[in-house]
């Protein structure tokens, strides 16, 4: 995973609605979370969700146990400022997901949009999946979105790994059942089109 300093610089140099992955609402992410059937009392973690608006929509929908994890303190600060008094209803974790210490079998839903594809090193990907194995409950839900095979090769000055749904599922292995995959045409704030693929898996 690229250094914390890199991501602090990214968020310090741009407004949160100017980064390429920004969307006013993460409609596809929210739809897949709803498709899990998780109740309002479910424990949901949004990995790399620092300045994302997904937390806003989850709170508005009545979800009571939302955790946002991000490597950047600036991204988390921006999100907390935006949420105002609602920030107290969220658990905030500043951490590198490949090094994070999370509670065992705690989360019902794991969500990651645009973190996993930055993991160029196979060891980092292995540690990420080990963290998912540790932190997600048996029978829990894992939703991960990356650039698809026709997506960009670089983002925020960094190389990325592009995935097909089958390729992304293979990273997680037989312990995860692929429930659904979705292709999304994301339009960046600058008007460029980027192909994202979403994989929704269930932990066996």
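The numbers here are math on the coordinates, done by the rules we state, and not lab data. Please read these numbers as outputs of a predicted model, since none were measured by experiment. All Cβ positions, glycine included, derive from the backbone under ideal geometry; neighbour counts span all protein chains shown.
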Calculated FRET value between residue 166 and residue 106, using beta carbons and R₀ = 25 Å, to 0.05 | 0.30
For the pair residue 30 and residue 137, the simple spin-label estimate (label points 7 Å beyond Cα toward Cβ) gives in nm 2.4 nm
Gaussian network model of the chain, springs between alpha carbon atoms under 10 Å - residue of 158, 178, 26 with greatest fluctuation = 158
What ratio of Cα Rg to 2.2 N^0.38 Å holds for the stretch 56-99?
-> 1.16
Roughly what would the spin-label model give for residue 59 and residue 177, points 7 Å off Cα along C-beta, in nm?
-> 3.5 nm
Whole-angstrom gap from the stretch 49-115 to the stretch 1-28, using each part's C-alpha centre = 14 Å
The computed P(r) of the stretch 4-203 puts the percent of Cα pairs beyond 31 Å at 9 percent
Expected max-MSF residue from 182, 161, 66 in the GNM of the chain (alpha carbon, under 10 Å) is 182
Rounded to 0.05, the calculated FRET efficiency for the beta carbons of residue 188 and residue 3 at R₀ = 30 Å is 0.80
The stretch 132-146 versus the stretch 150-168: alpha-carbon centroid distance in Å | 20 Å
Under the Debye formula (equal points on every Cα, no solvent term), log10 I(q)/I(0) of the stretch 118-204 at q = 0.14 Å⁻¹ = -0.51
Cα pair distances of the stretch 86-145 binned at 5 Å [whole percent] = 4, 16, 25, 28, 17, 7, 2, 0
